[in-house]
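Inspection log for the structure reproduced underneath, given as structure tokens.
The values are calculated or read from the model by the stated rules, or taken from the named source; none is laboratory data. Fair warning: this is a prediction, and the values are worked out from it, not measured in the lab. Positions of Cβ are backbone-derived with ideal geometry, glycine not excepted, and every protein chain shown enters the neighbour counts. Remember, those area values only see protein heavy atoms, side chains included, never the ligands or the DNA or RNA. Shrake-Rupley method; radii C 1.70, N 1.55, O 1.52, S 1.80 Å.
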Amino acid sequence: MKYTILKKEIKSKALSHIVQSLCDTYDRAKSGELKTKDASNEITIFKHTIQTIALDWMYSSKLNSIKEIKQAESEG
């Protein structure tokens, strides 16, 4: 997998590191160095990590709004 192409598009250091590891896993599986089941397990871990980062990015900016809504609900 061509990590250099993906790297140009990624600004986050954390996401860049995850994608590099994901590409390494893919390459090791393709070469036979890593069993398919083990590669699948690693890829699943990366998937969950990326989803967690995405949720954090999505909701961290909205955290204050959520707190205000909860406070208004408790007062009302």
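Some points to look at:
- Only a single criterion out of (1) open to solvent by less than 60 Å² (accessible area, probe 1.4 Å); (2) of a type in the set (Val, Ile, Thr); (3) in a helix (DSSP H, G or I) is not satisfied by Thr52, namely (1).
- Gln20 touching a Phe, Trp or Tyr at 6+ places or on another chain (Cβ under 9 Å) and not basic (Lys, Arg): yes
- Count of region 43-67 residues which are at pLDDT below 80 and among the charged types (D, E, K, R): 2
- The set of residues in region 6-36 being open to solvent by less than 50 Å² (accessible area, probe 1.4 Å), within 13 Å of the chain's Cα centre (by Cα) and not aliphatic (A, V, I, L, M) consists of Ser12, Ser16, Ser21.
- Test result for Ala39, surrounded by 11 or more Cβ atoms within 10 Å (Cβ to Cβ), without any contact (Cβ under 8 Å) to a residue 24 or more places away in the chain and assigned to a helix (DSSP H, G or I): yes
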